[in-house]
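The structure appears below as structure tokens.
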Amino acid sequence: MTQRLRLRLGIDLDGVVADFNAGWIDRYNTQFGSDLLPEHVDIWDAPTLLTHFTDMSEFWSWARTAGGGASIFRVLQPYHGAIEALDRLSRRDHVVIVTTKPRFAVHDTFEWLAEHRVPTTEVHIVDDKSEVDCDVYLDDADHNIEALLNARPSSLVCRYVRPWSTSHPGAVDVNDWVEFEREVEGFRASATAG
């Protein structure tokens with residue numbers, strides 16, 4: 001009996017597993033009496049255009065404690081179906097969390113992963129995600145996708161389609177977790193055939 005190839009899946013958190021925009025918008029609306037919606041976010045640094053914050057530095061200063069004393073990253077909700085998909089993927093492959101966070105959010109990130117029982121034993125909080133060797137990557141940020149495509153040409157780089165990112169030659173666009181799981185299986189099949 002042949003053993004199935006176990007892949008390393010580099011999974012981003014914010015914008016992919018955790019709904020960052022719904023989280024900060026909910027807290028912002030509550031605190032400042034605004035009526036923003038997650039659908040209003042269609043660019044990467046949207047907080048500077050949608051809120052009273054004059055720059056991202058001011059936004060991050062607020063986000064440091066916007067989660068009721070914890071950072072905003074502690075109170076985010078997972079996207080529908082994300083944790084279940086990671087559970088399915090972890091039965092076949094090794095889920096590697098590869099995320100970028102401000103220093104103030106590191107402990108909140110680990111608490112969030114534990115609370116939501118994200119099936120991983122490997123977490124990297126890094127600025128350059130291409131430093132982490134994986135067979136398949138899933139991210140939503142243009143700058144990360146470009147860096148991964150350049151640094152990891154033999155890996156499958158998937159862009160989770162979001163309004164704030166664009167298609168990239170060489171990356172595979174996925175619209176949901178079912179599509180991502182299908183891409184992982186296709187990559188596995190081609191890796192074992194070749």
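The values are calculated or read from the model by the stated rules, or taken from the named source; none is laboratory data. Note that the structure is predicted; figures quoted are calculated from it, not measured. We place every Cβ from the backbone using ideal geometry, glycine too, and count neighbours over all the protein chains shown.
Summary table
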read-out: Subset of region 109-139 [surrounded by 21 or more Cβ atoms within 10 Å (Cβ to Cβ) and either within 16 Å of residue 94 (Cβ to Cβ) or of a type outside the set (A, V, I, L, M, F, W, C) (or both)]; value: 109, 118, 129, 134, 135, 136, 137, 138, 139
read-out: Total residues in region 89-123, condition small (Gly, Ala, Ser) and closer than 19 Å to residue 77 by Cα; value: 2
read-out: Exclusive hit being surrounded by fewer than 21 Cβ atoms within 10 Å (Cβ to Cβ) and assigned by TED's automatic domain parsing to the domain that holds residue 136, set 64, 27, 91; value: 91
read-out: Answer from 191, 171 - the residue that is exposed (fewer than 15 other Cβ atoms within 10 Å of the Cβ), out of contact with any Ser or Thr (no Cβ under 7 Å at 6 or more places or on another chain) and in contact (Cβ under 8 Å) with a residue 24 or more places away in the chain; value: 191
read-out: Hits in region 98-153 - residues which are out of contact with any helix residue (DSSP H, G or I) (no Cβ under 6 Å at 6 or more places or on another chain), aliphatic (A, V, I, L, M) and either assigned to a helix (DSSP H, G or I) or not assigned by TED's automatic domain parsing to the domain that holds residue 183 (or both); value: 106, 113, 114, 145, 149
read-out: Positions within region 65-97 being among the aliphatic types (A, V, I, L, M), closer than 28 Å to residue 175 by Cα and out of contact with any Phe, Trp or Tyr (no Cβ under 7 Å at 6 or more places or on another chain), in sequence order; value: 75, 83, 86, 89, 95, 96, 97
read-out: Count - residues of region 40-63 that are more than 19 Å from the chain's Cα centre (by Cα), part of a loop (DSSP other than H, G, I, E, B) and either of a type in the set (Gly, Ala, Ser) or closer than 14 Å to residue 101 by Cβ (or both); value: 0
read-out: Unique match (being modelled with pLDDT of 95 or more, under 14 Å from residue 12 (Cα atoms), touching a Gly at 6+ places or on another chain (Cβ under 6 Å) and of a type in the set (D, E, K, R)) among 140, 127; value: 140
read-out: Positions within region 64-88 being within 22 Å of residue 110 (Cβ to Cβ), in a loop (DSSP other than H, G, I, E, B) and within 16 Å of the chain's Cα centre (by Cα), in sequence order; value: 75, 76, 77, 79
read-out: Cross-chain or 6+ apart pairs with Cβ under 9 Å, region 66-90 first and free of Cβ contacts under 8 Å to residues at least 40 places away in the same chain and farther than 16 Å from residue 12 by Cβ, then surrounded by fewer than 19 Cβ atoms within 10 Å (Cβ to Cβ) and among the hydrophobic types (A, V, I, L, M, F, W, C); value: 68/75; 71/104
